[in-house]
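Here is the structure we will look at, set down as structure tokens.
Just so it is clear, none of the values below were taken in a lab; they were calculated from the coordinates. These numbers were taken from a predicted model, which means no experiment stands behind them.
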Amino acid sequence: MSQSNRLYDEFARLVTDAAGVAQGVRREAETVMRGQLERLMADMDIVSREDFEAVREMARLAREENVALKARIEALEARIGAAPAPADPAAGAGKARAKRAPSGQGGPSA
């Protein structure tokens, strides 16, 4: 009877050791895979979640500021009765250049 108990004890110890080895192998495999994935992501220049969230917050704040500034500009234009600026900055710049240079005196020729 004591011989069979000893056999069971040895078998239980063997199974426990095997489970410990399996967990160690699993942890080692996870560590290797994590290292490989981090290296791959670094090589691909993938943005981290924290950086993405920070830039997204900056963009949100910039949009809010743009809306506030646009409202302020519209209020100021309404106050002075000025016409709104042209939508195309290049077209507005061309008109301003034409106004500055008197005709025939060094202005752009057509």
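Odds and ends about this structure:
- Full extension of the chain between residue 9 and residue 41 yields a length gain of 6.8 nm, computed as 0.36 nm times the residue separation minus the alpha carbon distance.
- Within region 47-86, all pairs of alpha-carbon atoms sorted by distance into 10 Å bins from zero give the percentages 27, 30, 21, 15, 7.
- Fully extended contour minus Cα-Cα distance, from residue 56 to residue 74, at 0.36 nm per residue: 3.8 nm
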